[in-house]
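Read through the structure below, which is laid out as structure tokens, and then see the notes.
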Amino acid sequence: MTQQRRRIDQVMDESFSKDLDNLAIDDLRSRRSICDELDTELSYYRRMIQGRIDLLDFELRRRSGEETRSLIEALPEILADSASGRTSNPLDRELSLDLPELAGGGAREVDTALSDGFLAHLPTIEVDELRRIRDSLSEMEAKISEQRRAVYDAHDIITGEITKRYREGTASADELLSTS
């Protein structure tokens, strides 16, 4: 596997989950750990984006007359998982405060919408700009979903290799105790 700086780039490189039978069990566990961490980070970032999309959708409905409540009145409902049918709460997990890495750049496209001051400026943003931001966020959410799929696939392959080694007796659960 080519050594790359960003973990998401490493996982997205198809060599990350190929020829695993030649790797030490500790290397496999390390790769699986990278996948676990990336999943948590990408899930959190995706949820942040989905929350902003929900806010934009509400503001667009409000401006078109479909919604009569103010943004502040509707905010608890908008941000609640049940408002959009989303049930996972990545905030229940321990996360770093840094935004996750994204393959292919693109994070700058949504920095404004994810910034702390976004909500305060929402009423002053023109409708066309709201739509453009929403489209950009939707594209970013799709990219993150694609990356999460690659992370899941790599995790499954690596976990399969680890399981195979336990089943064949070439790895031992006792090793876990000695490395902890």
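Coordinate-derived values only; no laboratory data. Just so you know, these numbers come straight off a predicted model, no measurement behind them. FYI the Cβ positions are ideal-geometry reconstructions off the backbone, even for glycines, and counts take in every protein chain you see.
For His121, His155, which order do you get if you count the other beta carbons within 10 Å of each Cβ and list the fewest first?
Taking fewest neighbouring Cβ atoms as first place, the list is His121, His155.
Hey, could you grab the Kirkwood Rh for region 1-77? Inverse mean 1/r over distinct alpha carbon pairs, Å, one decimal.
15.8 Å
I need Tyr44, Tyr152 ordered by Cβ neighbour count within 10 Å, fewest first.
Tyr152, Tyr44
Scan around Ala171 for amide H atoms under 5 Å from its own, H built in the peptide plane at 1.01 Å from N, and keep only partners 5 or more places away or cross-chain.
Here the answer is Tyr166, since their amide H atoms fall under 5 Å of that of Ala171.
Residue by residue through region 23-30, what is 3J(HN,Hα) from phi via Karplus (6.51 cos²θ - 1.76 cosθ + 1.60, θ = phi - 60°)? Round to whole Hz and write x for glycine and proline.
Taking θ as phi minus 60°, the curve returns 8, 5, 4, 5, 5, 5, 4, 5 Hz for region 23-30.
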